[in-house]
Amino acid sequence: MTTQINLNGQISDDAFISVLDHGFLFGDSVYEVVSTIEGKPVFLAEHLRRLRQSARELELTIPYTDTRFADEIESTLKSAGNQESYIRIMVTRGVGELDLDPVSCTRPNVLILVKEAVLYPKENYEKGIHLALVSVKRNHKESLNPGIKTGNYLNNMLAKMEASRSGAADALMLNALGYLTECTTSNIFFVKEERILTPSLDCGILAGITRDVVIRLARENGFPVEEGQWPPEALEQADEAFITGTVKKVMPVTLLNSRPIGDGKPGSTTRKLARLYDDYLQRIMK
Ligand code: PMP
């Protein structure tokens, strides 16, 4: 079991990029994280679509077709030989002048990093996690749109550090208007009287692939889902809460700023959706 890095088609156990790459200098890059089931990438088409959308927003050219990505990922997975992997796909602007304008960067770097999948502790799912509502606001969508998945995660990093200082597992951020947005690497949902509520995309969040699937599965299974602008009080008074993400899947949240949400235990709707999501993954990967 190893980490393998595919840099522009060359696979090795380490890789080096020039310090003049604008990805390093300015965070000028886009990326995706993909998980595997039975060694096969999950929702690869959706991740590649979002990678391309992010790149389009930055006017960054991705030099690979989807078929090339799939082939490179397959050979990197094979070379790593892990049972299950964490796959990070990254496209950086490439080497250019020490100037913000990307016009001097003519060759993007395409990186596929594969490492052994690390699972979150079982306890997170059985007991739920602690979130901190932090003072760091999510980037304004008209400054650096959180819908674009760039390599610049400093906003999230600052939020995460604030959460860690208070002993919470992750941070939940508000937008400039004071409405709930998302956590540092996941989307937030909460349940009130059997309605499932989640911030709408126009709050300034990443359109999570897991979020999308969970909303669809919930609706198909008779749970009403409302996307909207929710103040933090709505979550404080919720019966249950959970977060979603590629690696975390559906993870219960039972504490907000050290106060219990509902009865402080993972709720029945959360557990049902977690099961529906796991079953769905097993079904589509067969
Ligand atoms: N929000 C942010 C800021 C993220 O980084 C992630 C992880 N990609 C998510 C939400 C969840 O998205 P997904 O379900 O596509 O992993």
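The values are calculated or read from the model by the stated rules, or taken from the named source; none is laboratory data. Since this is a predicted model, take the numbers as computed values, not measurements. Here the Cβ is made from the backbone with ideal geometry for all residues, glycine too, and neighbour counts use every protein chain on show. The protein model used for the area step is the full one, side chains on, heavy atoms only, and it has no ligands, DNA or RNA in it. Shrake-Rupley method; radii C 1.70, N 1.55, O 1.52, S 1.80 Å.
The dipole here belongs to the chain: it is taken about the Cα centre, uses +1 on the Cβ of Lys and Arg and -1 on the Cβ of Asp and Glu, and is about 480 debye. The label-point distance for E193 and D212, in a model that sets each label 7 Å from Cα toward Cβ, rounds to 3.2 nm.
Comparing D99, D13, D263 in a Gaussian network model of the chain, where Cα atoms under 10 Å apart are tied by springs, the biggest mean-square fluctuation is seen for D99.
Once a ≥ b ≥ c are taken as the square roots of the eigenvalues of the Cα gyration tensor of region 1-132, is the result rounded (a/c under 1.5), prolate (a/b larger than b/c) or oblate (a/b not larger than b/c)? Present the calculation step by step, with values, prior to reporting the outcome.
On the way: a/c = 1.90, a/b = 1.51, b/c = 1.26.
Because a/c hits 1.5 or more and a/b exceeds b/c, region 1-132 counts as prolate.
Rolling a 1.4 Å probe over the protein heavy atoms gives the chain an accessible area of 49 Å² per residue. Cross-link pairs exceeding 30 Å between alpha carbons, from the set K115/K137; K127/K192; K141/K272; K137/K265: K115/K137; K141/K272. The smallest convex shape that holds all Cα atoms of the chain, its convex hull, gives 131 Å³ per residue.
Can you compute the helix-only [θ] at 222 nm over the chain? Use -39500 (n - 2.57) per DSSP H run of at least 4 residues, normalise by all residues, nearest 500 deg cm²/dmol.
Only helices count here, giving -9000 deg cm²/dmol.
Among E240, E142, E226, the residue with the largest mean-square fluctuation in a Gaussian network model of the chain, with springs joining Cα atoms closer than 10 Å, is E142.
Among the chymotrypsin sites (Phe, Trp or Tyr not before Pro) within region 16-101, those in coil by DSSP and having at most 13 neighbouring Cβ atoms inside 10 Å are F16. With all protein chains in place and a 1.4 Å probe, the accessible surface of the chain carries 51 percent carbon and sulfur. For region 142-244, the normalised intensity computed at q = 0.17, 0.19, 0.23 Å⁻¹ comes to -0.78, -0.97, -1.35 (log10 of I(q)/I(0), Debye sum over alpha carbons, equal scatterers, no solvent). Among L206, L180, L58, the residue with the largest mean-square fluctuation in a Gaussian network model of the chain, with springs joining Cα atoms closer than 10 Å, is L58. Assuming charge only on the beta carbon of Lys and Arg (+1) and of Asp and Glu (-1), the dipole of region 130-183 about its Cα centre is about 60 debye to the nearest 20.
Cross-link partners of K286 among lysines, defined as those whose alpha carbon lies under 17 angstrom from its own and excluding same-chain residues fewer than eight positions apart: K40.
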